[in-house]
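Dropping a structure here in structure tokens format, bear with me for questions.
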Amino acid sequence: MSDQTLEIRSGGVVAVDTESLREAAALVSARAAECEEVAELVWRAEALVPVSPRGWSVAQAADAARAIAADLHRAADVYDAAEVHAARIVAEAEGDRFRVALLTLQAIAHAAVLSCADAAGRLSAERWWAMRHAELYRQGVDAATLGQMWPGGFFPPLLPPLAALHIILGQIARVGHATVERGGRMKGDVRPVEVTTLAEGPGAPPATLTEIAERIPGEGDSRVRVDRMVMADGSVEFAVYISGMQSFGFGGEDPFDMSSNLDLYSGERSVSYDAVMEALRQAGASAGDTVHAFGHSQGAMIASRLATAGDFVVPTLVTFGSPIQVDAGESVLAVALRHTDDPVVALSAGGLPGIAAARESLVVERVADPKGRVGDVAFGAHQMDEYAETAALVDGAADPRVEEVRGRLAHFSGAVSVESTVYTATRPDDEGPTA
């Protein structure tokens, strides 16, 4: 069952529930204590019966869980300190001396726990990701404590993977592939790809985020859809809808595969990116033309890169479940739909800590499935149908910031004609496997 609660913000660190962080930390700490008890039992059993050593692995899981709890507590402390600092600035601007004095005392108390200046640096470097993945940790703990998975229900089998997740996300944040600064360019040359028309005909401009979500291809052989829109003033604009990954292969016939995922995430030009560029070319788009870019997962990475590559003018960028975030600049309306329980979104390491697009831009998050399940390994929260549901919730939201997005999408209604073309793409045989 989906969580219908949306968190809508303009990007950056603006909405943090520190109590929830501390509750999650307490839950993880409790599980760590349970692991320590289990480790003690296993060590005693191993002393009596010659079995393969398992006590040390359970103890390691306990240590990792305590490290996760400490990070969550630390993140809460950082945000509390930042909130006090911001409130004091407001009080100073308003000339409220009493409140300034009170908040100064609170700031001193926070400084006794951590250095605010040092914490601010860690916020964008290492601590931001810890807070952003609290939901994944919480669900990991839920899944880890499903007693029916092991006889007697005494051993939490998923805590080691949970600890691994914590380590992996930390390393991702340090490597820096998850975010692309303004003007960031991909490496590599144009790759050969064959793009073929699957279907074409008259269409209609998208009016809502739901309609954008419904047009993301991926069914059958469809990979890219391009709408050529003739506007009332005679100008021509394009809208491109880009599929997510369709194959777990590396270098096979389908360019929308894991190989392209790795290329794009590491900043390399992928065959799937060049397939989108070729589809746009076949639809009539030339350098400098206006292209509105929409994509899911791998397609979201491609759409984001279109916004920073400079080949086209990209005034609108809508992404569903993207593993990266780009600084698209003030001229781009960027709407990012994310699920906090989507492991692919977690690869963005929390994204950029500040606003990275036009003022009206939004980051919208919700929990797709609030229950931690063993079946979460199937990435249900990442599927496009779940994101389509999120898009519908945003369309129906009364938040005034959504009204501004609606106003920008209303631009499409000015199209007097729309020609839609759906393309498939294949990697030439001579490309061969890449791994």
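With respect to Leu262, determine if the residue is crowded, with 23+ Cβ neighbours inside 10 Å, in a helix (DSSP H, G or I) and not charged (D, E, K, R).
Taking the combined requirement at face value, the residue does not satisfy it.
Hey, among Gly350, Gly354, Gly372, which residue is modelled with pLDDT under 85, crowded, with 23+ Cβ neighbours inside 10 Å, out of contact with any Pro (no Cβ under 7 Å at 6 or more places or on another chain) and not in a helix (DSSP H, G or I)?
Gly350
Results for (1) touching an Asp or Glu at 6+ places or on another chain (Cβ under 9 Å); (2) among the hydroxyl-bearing types (Ser, Thr, Tyr); (3) at pLDDT below 95, shown as yes or no for each residue.
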site	(1), (2), (3)
Glu253	yes, no, yes
Ser259	no, yes, yes
Leu262	yes, no, yes
Ser266	no, yes, yes
Val276	no, no, no
Gln282	no, no, no
Asp289	yes, no, no
Ala293	no, no, no
Arg305	no, no, yes
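If you scan the stretch 308-326, which residues turn out to be more than 22 Å from Arg406 (Cα to Cα) and part of a loop (DSSP other than H, G, I, E, B)?
Passing the criteria: Gly310, Asp311, Phe312, Pro323, Ile324.
Condition (residue is aliphatic (A, V, I, L, M), assigned to a helix (DSSP H, G or I) and within 20 Å of the chain's Cα centre (by Cα)) applied to the stretch 270-282: is it met by at least one residue?
To start, the set of residues in the stretch 270-282 that are aliphatic (A, V, I, L, M) comprises 271, 275-277, 279-280.
With the extra rule that they be assigned to a helix (DSSP H, G or I), the set shrinks to 271, 275-277, 279-280.
Add one more test, that the residue is within 20 Å of the chain's Cα centre (by Cα), and what stays is none.
No, the stretch 270-282 contains no residue that is aliphatic (A, V, I, L, M), assigned to a helix (DSSP H, G or I) and within 20 Å of the chain's Cα centre (by Cα).
Could you go through the stretch 335-343 and let me know if any residue there is β-branched (Val, Ile, Thr), at pLDDT below 90 and assigned by TED's automatic domain parsing to the domain that holds Arg408.
yes
Between Gly252, Gly299, Gly288, which is touching a residue at least 24 places away in the same chain (Cβ under 8 Å), part of a loop (DSSP other than H, G, I, E, B) and closer than 25 Å to Ala199 by Cβ?
It is Gly252.
So which residues in the stretch 197-224 are surrounded by 24 or more Cβ atoms within 10 Å (Cβ to Cβ) and in a strand (DSSP E or B), if there are any at all?
Val224
Mind counting the residues in the stretch 389-432 that are part of a loop (DSSP other than H, G, I, E, B) and farther than 30 Å from Ser270 by Cα? If you could, list the steps in order and put the result at the bottom.
We begin by selecting, within the stretch 389-432, every residue part of a loop (DSSP other than H, G, I, E, B); these are 396-399, 427-428, 432.
Retained after the next criterion (residues that are farther than 30 Å from Ser270 by Cα): 396-399.
Final tally of qualifying residues: 4.
Could you please find all residues in the stretch 270-281 being buried (at least 21 other Cβ atoms within 10 Å of the Cβ) and not aliphatic (A, V, I, L, M)?
Answer for the stretch 270-281, where residues must be buried (at least 21 other Cβ atoms within 10 Å of the Cβ) and not aliphatic (A, V, I, L, M): Ser270, Ser272, Tyr273, Asp274.
State which residue is nearest to Ala358 (Cα to Cα) when the search covers only the stretch 282-317 and only residues that are surrounded by fewer than 24 Cβ atoms within 10 Å (Cβ to Cβ), in contact with a strand residue (DSSP E or B) (Cβ under 6 Å, 6 or more places away or on another chain) and of a type in the set (S, T, N, Q).
The qualifying residue nearest to Ala358 (Cα to Cα) is Thr308.
I want to confirm something. Restricting to the stretch 175-191 and keeping residues that are of a type in the set (A, V, I, L, M, F, W, C) and surrounded by 12 or more Cβ atoms within 10 Å (Cβ to Cβ), which single residue is modelled with the highest pLDDT? So that I can check it myself, show each step before the final result.
To start, the set of residues in the stretch 175-191 that are of a type in the set (A, V, I, L, M, F, W, C) comprises 175, 178, 180, 186, 190.
Next, from what is left, pick out any that are surrounded by 12 or more Cβ atoms within 10 Å (Cβ to Cβ): 178, 180, 186.
Working: Ala178: 67, Val180: 75, Met186: 83.
Checking each candidate, the answer is Met186.
The values are calculated or read from the model by the stated rules, or taken from the named source; none is laboratory data. Not measured: the values here are computed from a predicted model. With ideal geometry, Cβ positions are generated from the backbone for all residues, glycine too; neighbour counts draw on all protein chains shown.
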